Amino acid sequence: MALIPVSTKIRARNAAKSIGGSLIGAATVGMLRTTRYFDPAKTSDFFARAVKLIGPRLREHRIGRANLTAAFPEKSAEEIEQILMGVWDNLGRVGAEFAHMDHVWDYDRDHPENSRIELPARSIELFDRIRDDGKPALIFAAHLANWELPALAAVAHGLETAILYRRPNIASADRIIQEMRQVNMGTLIPAGRDAPLRLAQALKDGKHVAMLIDQYLTGGVEVTFFGRKTRANPMLARLLRQVECPIHGVRIIRLPGGRFRGELTEEVQPVRDAEGRIDIQGTTQAITSVVEGWVREHPEQWLWLHRRWR
């Protein structure tokens with residue numbers, strides 16, 4: 001039997017991966033564009049049911065179970081599974097809502113009682129102050145409920161933002177997602193080598209820089225999350241060393257009936273070293289602790305499906 005050269009096998013494997021990625025990308029594009037023609041509420045319910053059916057059969061379900069068991073050792077196996085089903089339910093709804101990104105944010109200051117979004121008076125006060133004080137600010141969020149909504153809220157209410165985001169690995173899916181996000185999400189800066197420079201410049205220009213900070217980062221700084229050591233992205237703290245400005249956290253809570261509650265934290269105080277400089281690890285830990293508090297309140301709304309501890 002003739003041996004197939006290793007280089008040929010590698011090319012074949014790469015070609016298969018490329019074809020598979022193209023098919024997945026095409027399916028994603030088709031799904032997002034088609035979903036826009038259907039009723040958002042019914043689509044959200046349908047996606048939630050579908051993902052709850054499929055999700056428990058995936059390896060991510062086992063990852064989520066292990067994460068939850070480690071984070072909540074006091075919870076029973078039944079409670080863990082119930083949380084996981086909530087995670088899948090939320091993820092399905094996020095997918096459906098993404099297709100309707102241009103009108104998901106629905107808040108009318110003059111008639112908040114008719115709005116889909118609830119905002120506490122203190123959060124509105126803080127938002128107005130951040131928007132109108134003429135200063136830059138750093139804003140962090142987490143993969144809770146629909147984590148795209150804070151960016152929509154910023155633009156809808158006049159907050160000039162530069163948002164760090166991670167591109168999908170599939171180019172065709174990236175294009176359609178970019179198209180939908182750019183409708184009303186401010187300046188989008190993809191993660192990459194030049195991202196820190198672009199974000200620092202945005203702060204120097206007086207903009208508000210926002211990012212998700214709750215996933216594991218190889219090479220990140222060590223922090224404690226739910227009592228266990230892990231690694232987190234220190235970019236926010238490093239930016240703060242270059243441009244000192246207020247830090248605030250923003251979270252979205254999913255409510256029944258397709259509604260949401262948005263909350264903006266009080267200013268999070270950075271940690272400083274003996275020389276008074278921003279302590280990168282300490283400040284990253286401080287914002288990680290805020291996120292842990294959020295997740296403890298609504299564990300079924302956080303994305304437990306990645307390996308947060310390694």
Hits in segment 207-230 - residues which are of a type in the set (D, E, K, R) and more than 17 Å from the chain's Cα centre (by Cα):
Lys207, Glu222, Arg228, Lys229
Quick check: is even one residue across segment 282-296 surrounded by 15 or more Cβ atoms within 10 Å (Cβ to Cβ) and part of a loop (DSSP other than H, G, I, E, B)?
no
Log entry, pairs with first residue in segment 55-84 being free of Cβ contacts under 8 Å to residues at least 24 places away in the same chain and part of a helix (DSSP H, G or I), second being open to solvent by 10 Å² or more (accessible area, probe 1.4 Å) and of a type in the set (Val, Ile, Thr), beta carbons closer than 7 Å, six or more apart or on different chains, reads Ile80/Thr69
The conditions are (1) open to solvent by 70 Å² or more (accessible area, probe 1.4 Å); (2) outside any loop (DSSP other than H, G, I, E, B); (3) at pLDDT 95 or above, and Lys42 fails exactly one of them. Which is it?
(3)
Residue check: is Ala145 on the phi > 0 side of the Ramachandran plot and either among the charged types (D, E, K, R) or open to solvent by less than 10 Å² (accessible area, probe 1.4 Å) (or both)?
yes
Per-region count, segment 236-276, residues closer than 17 Å to Lys207 by Cα, open to solvent by less than 80 Å² (accessible area, probe 1.4 Å) and part of a helix (DSSP H, G or I)
4
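So that you can scan it fast, the table gives a plain yes or no per residue for (1) under 29 Å from Trp105 (Cα atoms); (2) of a type in the set (S, T, N, Q):
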| position | (1), (2) |
| --- | --- |
| Leu188 | yes, no |
| Gly192 | yes, no |
| Pro234 | no, no |
| Ile252 | yes, no |
| Gly262 | yes, no |
| Gly276 | no, no |
| Gln285 | no, yes |
So which of Ser22, Ser18, Ser7 is surrounded by fewer than 11 Cβ atoms within 10 Å (Cβ to Cβ), modelled with pLDDT under 55, hydroxyl-bearing (Ser, Thr, Tyr) and more than 30 Å from Gly227 (Cα to Cα)?
Ser7
Looking at segment 102-134, which of its residues are surrounded by 14 or more Cβ atoms within 10 Å (Cβ to Cβ) and not hydrophobic (A, V, I, L, M, F, W, C)?
Asp106, Tyr107, Ser115, Arg116, Glu118, Ser123, Arg129, Arg131
Would it be correct to say that Thr230 is open to solvent by less than 20 Å² (accessible area, probe 1.4 Å), more than 26 Å from Arg122 (Cβ to Cβ) and touching a Phe, Trp or Tyr at 6+ places or on another chain (Cβ under 7 Å)?
yes
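The values are calculated or read from the model by the stated rules, or taken from the named source; none is laboratory data. Since we're looking at a predicted model, the values are computed, not measured. All Cβ positions, glycine included, derive from the backbone under ideal geometry; neighbour counts span all protein chains shown. Accessible surface is based on the protein model in full, side chains and every heavy atom, while ligands, DNA and RNA are left aside. Shrake-Rupley method; radii C 1.70, N 1.55, O 1.52, S 1.80 Å.
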